[in-house]
Amino acid sequence: MVVLSLAALQANAQTDDGIAQLLKAAPGDATKLINAYADPLFKGFGTGLNNGWTNTAKTKGLLHFDLRLSASGVFVPTADKSFDVTKIGLSNNVRLAAGSPTITPTIGGENNAKPAVLDIYSDGGTKIDQFTLPERVTPIIPAPQLQLTVGLIRSTDVTVRFIPKTKLSDNVGSVGMIGFGIKHNIMGDIFGGVGGKLVPFDLAVAVGYTRFNYELPLEVRPSSGKAPEASSATRTNFSNQRLEGHFSGVNLQAIISKKLLFFTPFAAVGYSTAKTNVGLYGNYPVSSGLATYTVYTDPINIKRNSVSDFKVDAGFQLDLSILKFYASGTLSKYKSVTAGIGLGF
């Protein structure tokens, strides 16, 4: 799941990596670095979150249902596998170390790509720290879908997505998801009650909304031997640190399908949007001198529209009595595949 990618941004006092490394830069520079490094995660997860709503235009009978679990794998394109650290607007306090590469991998970068090394300088021009940007994590961004679909009257289905807030572990954090969707088979509206007899396919329109929440406690502590500046002395409680991520997506589709015994191929065209809201909350120590640090409260808050794209889907539904299998592929800026299994009638 995406939590593994988000957890790669975590920090702890023992390893001194992830966010702990990025926060050696002041909040403005750290925000730019996180935005550039995690860009494929924000885009890929937003894309995957909008997948998997349906694999057929045919709607269910009254109170018939389908409970499915599926997952998408979203492929990071070549253009988003790396970024140039000199092109993202870092301040003069953050500079490339001698011998460091300029191009560094994103979270979805190439295997064995060497990350950049950055030097941190005080406002007075003294070098006070150095850190290495994170390595790549995965070129495929995963996204889960767990949903229940129920048939209503007038050729209409409603779908609910829900995962209660669940703590996976202390190191991975907690996840939760909620969403809702509706699909309507318009053939009856066009041809009345004889629609299914006049045309050899089903045609439907659908809309769905999903919100995925993630939370991870953090432990970013001052570097050994450093003391807080006078202005930070009253904010040395670091027990309230956490990473929060909120991803939301809207998916609009027109779907066409034809049931052939137990096999239903489908195709769809649509438009999807997704938003990302990722922040670091609590008090964080950031080096401000050779022997001092400054405490910043809630230093990172990234809000962005990560996806706004037309998409084309094609796939199938395999109906073996109450057991169902689903698979599809999606063409958009970030290509993806989705597969799942379900129970229903």
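The residue of segment 63-85 that is farthest from THR106 (Cα to Cα), among those that are crowded, with 16+ Cβ neighbours inside 10 Å and among the aliphatic types (A, V, I, L, M), is ALA71.
The sole residue among LYS60, LYS43 that is surrounded by 19 or more Cβ atoms within 10 Å (Cβ to Cβ) and either among the hydroxyl-bearing types (Ser, Thr, Tyr) or over 25 Å from SER332 (Cβ atoms) (or both) is LYS60. Can you tell me which of ILE163, ILE107 is modelled with pLDDT of 90 or more, farther than 26 Å from ALA36 by Cβ and among the aliphatic types (A, V, I, L, M)? From the options ILE163, ILE107, the qualifying one is ILE163. For first residues located in segment 137-150 and buried (at least 22 other Cβ atoms within 10 Å of the Cβ), partners that are in a strand (DSSP E or B) and among the basic types (Lys, Arg) and lie 6+ apart or on another chain with Cβ distances below 7 Å form the pairs GLN145/ARG161; GLN147/ARG68; GLN147/ARG161. With the condition being within 29 Å of ALA97 (Cβ to Cβ), I'd like the strands (runs of 3 or more DSSP E) fully within segment 117-174 carrying at least 2 qualifying residues. It comes to 117-121, 127-132. Of everything in segment 227-239 that is in contact with a strand residue (DSSP E or B) (Cβ under 7 Å, 6 or more places away or on another chain) and surrounded by fewer than 17 Cβ atoms within 10 Å (Cβ to Cβ), the residue that is nearest to ARG154 (Cα to Cα) is ASN237. For segment 184-206, taking the residues that are out of contact with any strand residue (DSSP E or B) (no Cβ under 9 Å at 6 or more places or on another chain) and either modelled with pLDDT of 65 or more or part of a strand (DSSP E or B) (or both), the one that is nearest to ASP313 (Cα to Cα) is identified as PRO200. Scanning segment 253-264 for residues that are surrounded by fewer than 17 Cβ atoms within 10 Å (Cβ to Cβ) and assigned to a strand (DSSP E or B) yields ALA254, ILE256, LEU260, PHE263. When the strands (runs of 3 or more DSSP E) confined to segment 66-114 are screened for residues that are in contact with an Asp or Glu (Cβ under 6 Å, 6 or more places away or on another chain), closer than 22 Å to ALA25 by Cβ and of a type in the set (A, V, I, L, M, F, W, C), those reaching at least 1 such residues are found at 94-96, 103-105. Taking the criterion of being without any contact (Cβ under 8 Å) to a residue 12 or more places away in the chain, under 16 Å from ILE256 (Cα atoms) and outside any strand (DSSP E or B), would at least one residue in segment 211-225 satisfy it? Looking through segment 211-225, none of the residues is without any contact (Cβ under 8 Å) to a residue 12 or more places away in the chain, under 16 Å from ILE256 (Cα atoms) and outside any strand (DSSP E or B).
The values are calculated or read from the model by the stated rules, or taken from the named source; none is laboratory data. Remember, predicted model here, so these are calculated numbers, not experimental data. Here Cβ is always computed from backbone atoms with ideal geometry, including for glycine, and neighbour counts include all displayed protein chains.
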